[in-house]
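Below is one structure, written out as structure tokens; the observations come after it.
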Amino acid sequence: MTVHIVEDDYGVRDALSELCRAVGRTVRVYPDGEAFASGANVEPEDTVLVDIGLPGEPGTEVVRRLFRLPLPPTVIVISGLPLADIHHAMRDFSDVIVMRKPLTSELLGLLA
Amino acid sequence: MQGVRRPTLSEARLESVLETAPDGIIVMDEGARILVFNKACESLFGYDAAEVIGENVRILMPQAHHDNHDLYVQRYRATGERKIIGIGREVEGRRKDGSIFPLDLSVGEAQTPNGRQFIGVIRDLSARRDTERRLASVQADLIRVTRVSALDEMGSVLAHELNQPLTAIMLYLQALEREVHRIQVAHSRLEPRASELLGKATREAQRAGSIIQRVRQLVEKRAPERKNANLNLVVDEALELAMLGRQRAIYLRRFGPTVLPGVLIDTVQIQQVVLNLTRNAIEACQREADPTVTVTTWAEGDIVCFSVADNGPGIPAERMRTLFNAFRSEAGTGMGIGLTISRAIAQNHMGELLVDPGGDGKGACFTVRLPAAVDMASQNRDSIAAMPMAAAAEADKS
Ligand SMILES: Nc1ncnc2c1ncn2[C@@H]1O[C@H](COP(=O)(O)OP(=O)(O)OP(=O)(O)O)[C@@H](O)[C@H]1O
Ligand SMILES: [Mg+2]
């Protein structure tokens with residue numbers, strides 16, 4: 001039931017992890033895709049929050065790898081890009097949830 | 001024997017000068033009759049010398065100037081007032097086929113045993129005019145590119161930069177609300193002041209959010225206009241802009257395969273990125289003995305890339321952390337927004353902007369990676385070897 005947060009902006013990353021903890025989730029944070037790839041142990045019941053605009057490996061790659069898992073976790077993509085662009089970037093993945101920054105309380109519903 | 005005198009040595013020399021001169025040379029007498037019409041003139045005007053010798057020089061001018069010319073000659077003869085003699089100026093010439101072309105005309109005069117003669121030296125300006133016209137249109141492009149982007153990009157960069165901390169603030173507030181709620185439950189007492197203040201803070205954060213939303217709507221309405229483009233051409237055009245008006249010579253090297261997969265891009269925005277990176281590169285290597293900027297295009301599977309490298313000092317490690325933060329320029333002249341904008345544009349195209357900081361005698365290298373347009377990618381996948389082929393072009397000399 002861990003929430004993995006892959007986000008390069010410190011403020012957003014920390015605030016996300018505070019909010020997740022406030023609703024009782026265990027949290028792990030990663031500043032980029034590489035750190036996530038090498039350090040994360042993702043279970044099917046986990047949730048992964050991925051920013052698309054990451055330095056280095058793009059968020060789309062992180063998502064691609066997650067969906068190659070036999071039992072992928074819940075994937076939520078967050079980005080400041082226009083929603084249409086986020087959907088376009090995620091067109092290969094049907095099960096992904098996308099949200100635009102700033103994030104509304106909708107997110108809480110998904111995490112709680 | 002007297003009639004068929006052989007040319008003297010100096011006459012022969014004059015003859016060969018006239019025939020080999022790159023400029024058109026015309027000699028005429030006081031009555032504006034053509035006496036000499038050299039080889040260069042023949043190709044400039046399309047007449048053979050034999051056709052024009054003895055004719056009034058007017059046949060080489062557009063109709064509209066005929067009367068003026070007669071007037072000039074008359075007036076000069078009467079008053080000595082100079083419109084052109086010893087001055088030189090741009091006038092129009094008329095070819096045998098009637099076409100008009102711009103030329104630079106310098107006129108000198110000489111007193112000879114046969115009376116006063118005028119010598120005209122003519123240089124064809126059509127080529128230069130074309131260059132000037134091209135330059136003017138390129139310059140207009142540059143202004144358009146920078147102006148459009150300055151506004152749009154400023155807006156989107158501001159919106160993006162503010163959106164991040166605002167996102168954090170709103171999340172913190174939600175977490176805080178939870179925390180307050182938890183405390184209230186744990187101590188089974190209400191904290192009305194805390195809830196009230198939280199509510200106010202949340203409303204203000206939302207107000208900021210809606211302002212950002214409005215800016216984004218403005219910017220995004222005009223924003224991405226994606227066309228399937230050839231990255232080689234897009235890059236070349238932007239480089240031409242970047243090299244315009246350079247004070248010092250910069251050696252520009254350009255490598256890339258002839259065929260690249262297409263990319264779905266907003267060409268103006270991507271050119272803005274090329275411009276930003278190239279200007280930074282030029283700035284960085286200006287003080288080198290042989291300032292060199294190397295621009296390469298290539299493809300890696302479904303990704304189409306270009307890089308801009310220079311032979312400057314590279315980027316120091318401590319600078320790297322804040323490199324992409326807006327408004328932190330150290331160059332002094334810039335706003336420090338170029339890289340922020342460039343990365344935002346790359347990301348808006350689902351691509352990325354990478355930096356190799358260089359150092360230790362190596363300059364910095366910035367690489368932009370863009371996804372190939374889907375249909376094109378499969379077609380050209382074989383021709384993507386990154387063999388450097390194209391031209392080395394040198395920028396304007398000072
Ligand atoms: N090729 C490079 N080599 C060394 N330093 C560089 C290079 N490119 C960028 N930099 C450093 O990064 C800083 C930020 O660049 P950026 O393009 O964002 O802003 P700027 O060039 O200072 O201003 P402007 O907003 O006019 O582009 C530069 O001031 C410079 O210190
Ligand atoms: Mg710059």
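The values are calculated or read from the model by the stated rules, or taken from the named source; none is laboratory data. Source: prediction; values computed, not measured. Neighbour counts are summed over all protein chains in view; Cβ atoms, including those assigned to glycine, are modelled from backbone coordinates with ideal geometry.
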Taking the criterion of being buried (at least 22 other Cβ atoms within 10 Å of the Cβ) and either within 10 Å of another protein chain (Cβ to nearest Cβ) or within 16 Å of B:Gln164 (Cα to Cα) (or both), would at least one residue in region A:63-76 satisfy it? no
Criterion (in the same structural domain as B:Ala309 (by TED's automatic domain parsing) and away from ligand 1 (no atom under 15 Å from the Cβ)) met by exactly one of B:Thr258, B:Thr296, B:Thr292: B:Thr258
Are any of the residues in region A:33-41 surrounded by fewer than 20 Cβ atoms within 10 Å (Cβ to Cβ) and within 14 Å of chain B (Cβ to nearest Cβ)? yes
With modelled with pLDDT of 85 or more, more than 14 Å from chain A (Cβ to nearest Cβ) and either surrounded by 13 or more Cβ atoms within 10 Å (Cβ to Cβ) or more than 51 Å from the chain's Cα centre (by Cα) (or both) as the only criterion, which of B:His181, B:His187 stands out? B:His187
Here is a check on your reading of the model: is B:Gly46 modelled with pLDDT of 90 or more and among the small types (Gly, Ala, Ser)? yes
Restricting attention to region A:1-25, report how many residues are part of a loop (DSSP other than H, G, I, E, B) and either within 9 Å of chain B (Cβ to nearest Cβ) or closer than 15 Å to B:Met170 by Cβ (or both). 3
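Return the total of residues in region B:261-288 being among the small types (Gly, Ala, Ser) and either modelled with pLDDT under 90 or within 16 Å of ligand 1 (Cβ to nearest atom) (or both).
Residues in region B:261-288 being among the small types (Gly, Ala, Ser) and either modelled with pLDDT under 90 or within 16 Å of ligand 1 (Cβ to nearest atom) (or both): 2 in total.
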Just for region A:77-112: of the residues that are more than 17 Å from A:Glu18 (Cα to Cα) and part of a strand (DSSP E or B), which one is modelled with the highest pLDDT? A:Val77
Counting only residues that are within 16 Å of ligand 2 (Cβ to nearest atom) and crowded, with 18+ Cβ neighbours inside 10 Å, how many does region B:244-269 have? 2
Somewhere in region B:53-71, is a residue at pLDDT 90 or above, of a type in the set (Asp, Glu) and under 17 Å from B:Gly120 (Cα atoms)? yes
Of everything in region A:93-108, what is buried (at least 19 other Cβ atoms within 10 Å of the Cβ) and at the interface with chain B (Cβ under 7 Å from one of its Cβ atoms)? Give them in sequence order. A:Lys101, A:Pro102, A:Leu103
